[in-house]
Amino acid sequence: MMNMIAGGAAACPFVTHHNELNMRLYMCIAPELYLKQLVVGGMERVYEIGKQFRNEGIDLTHNSEFTTCEFYMAFADYNTLMDLTEKMLSGMVEKLTSGYKINYHANGSDKDPIEINFTPPFRRIDMIEELKNTVGLSIPKDFSSDEANKYLVNACMKFDIKCPPPQTTARLLDKLCNAYTELNNPVEQRQRFADQLRD
């Protein structure tokens, strides 16, 4: 739970001092760094279920202490994760209820429930197309261009979405859609680790 570095996520850590070792330690903010090192080392699939601590704000959807299951799969992309999520969710619902449909009282037990259907396959939505259809964003197709980045900066400002620096295209899309894909190519990740060591 305590690490010599805060790494793994862009979050503010809780900091403590180990008296016997006379060293500064950080509460774990994410297992990401260590899991990615394992992927770089040749383990193609890794996960950790564990506590994380972030010395940041608290609201209805964020707490300073929380538990996650974080995993990485070499060469998997968001399509693989959608398949995995679909199989996991529909499988759990089917196992627990002997069917794929559940009633959920989203507005309280005294109100009519809504039916949620977990029957696979789930509908897949193209994020960029959906942003165009729902809020009228026409994001430039070349995500690596300055034009796309500037467009997304302006879109975040238009919708009063805060995205502190660095305002990369990936982070801006993440803020707009709360979705992104992780770097999971172990060769590329190894190169980035090597570059960080040189800096």
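Worth pointing out:
- Nearest-0.05 FRET efficiency for V153 and R24, computed from C-beta distance (R0 41 Å): 0.70
- The Cβ shell under 14 Å around V153 holds other residues with a net charge of +1, Lys and Arg each +1, Asp and Glu each -1.
- Residue-wise HN-Hα coupling along region 115-127, computed from phi with Karplus coefficients 6.51, -1.76, 1.60 (Hz; x: Gly, Pro): 8, 10, 9, 9, 5, x, x, 6, 5, 9, 10, 6, 4
- Counting beta carbons within 10 Å around each of L152, L176 and listing the fewest first gives the order L176, L152.
- If a spin label sat at a point 7 angstrom from the Cα of M73 along the line to its beta carbon, the backbone N atoms of region 9-50 nearer than 19 Å would be those of 32, 35-49.
- Rg and Dmax [Cα atoms of region 37-90; Å; Rg one decimal, Dmax integer]: 14.4, 39
- Label-point separation in nm, I125 to Y100, each point 7 Å along Cα→Cβ: 1.9 nm
- Sorted on the mean count of surrounding Cβ atoms within 10 Å across their residues, most packed first, peptides 16-29, 36-49 read 36-49, 16-29.
- Placing +1 on each Lys and Arg Cβ and -1 on each Asp and Glu Cβ, with no other charges, gives region 1-144 a dipole about its Cα centre of roughly 120 debye.
- 5 Å binning of all Cα-Cα separations within region 53-199, expressed as whole percents from 0 upward: 2, 7, 10, 12, 15, 19, 17, 10, 5, 2, 1, 0, 0
- Sorted on the mean count of surrounding Cβ atoms within 10 Å across their residues, most packed first, peptides 153-159, 96-102 read 153-159, 96-102.
- The overall shape of region 120-180 is prolate: from the C-alpha gyration tensor, with semi-axes ordered a ≥ b ≥ c, the ratio a/c is 1.5 or greater and a/b exceeds b/c.
Bear in mind these aren't lab numbers, they're just calculated from the coordinates by the rules spelled out. Keep in mind the model is a prediction, meaning the values are calculated, not measured. Heads up, the Cβs are rebuilt from the backbone with ideal geometry, glycines too, and the neighbour counts pull from every protein chain shown.
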